[in-house]
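The numbers here are math on the coordinates, done by the rules we state, and not lab data. These numbers were taken from a predicted model, which means no experiment stands behind them. Using ideal geometry, Cβ is built from the backbone for each residue, glycine included, and neighbour counts are taken over all protein chains shown.
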Amino acid sequence: MKKISCNTYNIHINNWDAVNEYITKGNYSSIIVIVDENTFEHCLPSLAGLLLQKFDIIEIDSGEINKDLDTCKGIWETMIDFGADRHSLCINLGGGVIGDMGGFVASTFMRGMDFIQLPTTLLSQVDASVGGKLGVDFNGYKNLIGIIKNPGAVFMFTEFLDTLPEEQMRSGYAEVIKHGLIKDEDAYHRDTSINDFSDMDWEQLVYDSVLIKKNITDEDPEERGLRKILNFGHTIGHAIESHNLDTPTHLLHGEAIAIGMVMEAHLSYQQGNITESEVNHIKASIINIYGHHTDRIPDIDTLISLMSKDKKNKGGVIMFSLLDKIGVGNYNQEVSEDEILRSIEFWKKTI
Ligand code: GLY
């Protein structure tokens, strides 16, 4: 059982009593739990067995494809049918889609009701549920409509990770590796020396990784500067993710970010910030966990066109978050097309 205090809320790890304490203290007029078909089956029974108050369930279809305003409309309508009001509590029981969208729906319903996050995937535990980014995709752009608003609390349970397929664990693990690369060199070496996920102290690992993220988001909640380092690997990674959407070579978010991190580490190497042996180590570590998918990278023009839609860009210039060294991220970096081309070649080269 562990607890992390953020500037406006607490994150509890493996503490069911804390959920009930939070809800009892809030004296809510009603409780709504948002789930998808997976968390309805695998996670809701644990929560339902514990909640002392009665609650209503809103089930949505899983998947990023449903993270849109149509689904929000359906949730708002159901909330009205259930008689929810601004003194109700919304519990988001799911991965990043439910956390981002459920938090957005709750924050805008009747100008805002309280919500708590119960992230059920590794990705949402170590990343999405921390720092208050909420929203939905719009017109093909990821997270285009949204707000930053912290939840009332976050409750993480590592038992939920046991219900996840291995590929989902690998996907979330990319953010764990990222946290080490941008903020903690020792964590990077520890987290990349693993050989299999079955024998890990997930409570400690989630705690360590969340602590890195929370220190960043506490210091810069609105992403004016420092928080941008969390985007390391994501400029290229998001473009690769988009390129492979709806194709047989579909990549999970973290799998695309893992390739993005190698290529952006190579950009950092080209800028003279990390050594050749360091960038080779990053590439070898990523390949060890994710494999070497050289056929997933679009050509340079497609890559640049996809990256030009990135929210971090300023005045049409693509902005990167790279590494000053292993364990220290930077942001607002411009790179040339030639440098990007060389980073593609670096990823494709056999090691
Ligand atoms: N996922 C990056 C951030 O929360 O800023």
Kindly indicate whether any position in region 267-283 is under 15 Å from G172 (Cα atoms) and either surrounded by 17 or more Cβ atoms within 10 Å (Cβ to Cβ) or away from the ligand (no atom under 16 Å from the Cβ) (or both). no
For V136, which of the numbered conditions (1) in a strand (DSSP E or B); (2) away from the ligand (no atom under 16 Å from the Cβ); (3) of a type in the set (A, V, I, L, M, F, W, C) fails to hold? (2)
Given (1) without any contact (Cβ under 8 Å) to a residue 40 or more places away in the chain; (2) within 16 Å of the ligand (Cβ to nearest atom), index of the condition A258 fails: (1)
Kindly indicate the residue of region 294-351 that is part of a loop (DSSP other than H, G, I, E, B) and hydrophobic (A, V, I, L, M, F, W, C) and also surrounded by the fewest Cβ atoms within 10 Å (Cβ to Cβ) among those meeting that condition. I351
Selection over region 147-192 where residues are within 16 Å of the ligand (Cβ to nearest atom), of a type outside the set (F, W, Y) and either in a helix (DSSP H, G or I) or surrounded by fewer than 19 Cβ atoms within 10 Å (Cβ to Cβ) (or both) yields a count of 15
Need a quick list: helices (runs of 4 or more DSSP H) entirely within region 1-103 having at least 1 residues that are out of contact with any His (no Cβ under 6 Å at 6 or more places or on another chain) and under 22 Å from I147 (Cα atoms). 69-81
Within the set of pairs 6+ apart or on separate chains, which have a first residue in region 235-252 that is on the phi < 0 side of the Ramachandran plot and touching a residue at least 60 places away in the same chain (Cβ under 8 Å), a second that is hydroxyl-bearing (S, T, Y) and part of a helix (DSSP H, G or I), and C-beta atoms under 9 Å apart? I236/S343; A239/T302; A239/S305; H243/T302; L252/S171
Filtering region 206-238 down to residues that are more than 16 Å from Y331 (Cβ to Cβ) and crowded, with 24+ Cβ neighbours inside 10 Å, which residue is farthest from the ligand (Cβ to nearest atom)? V206
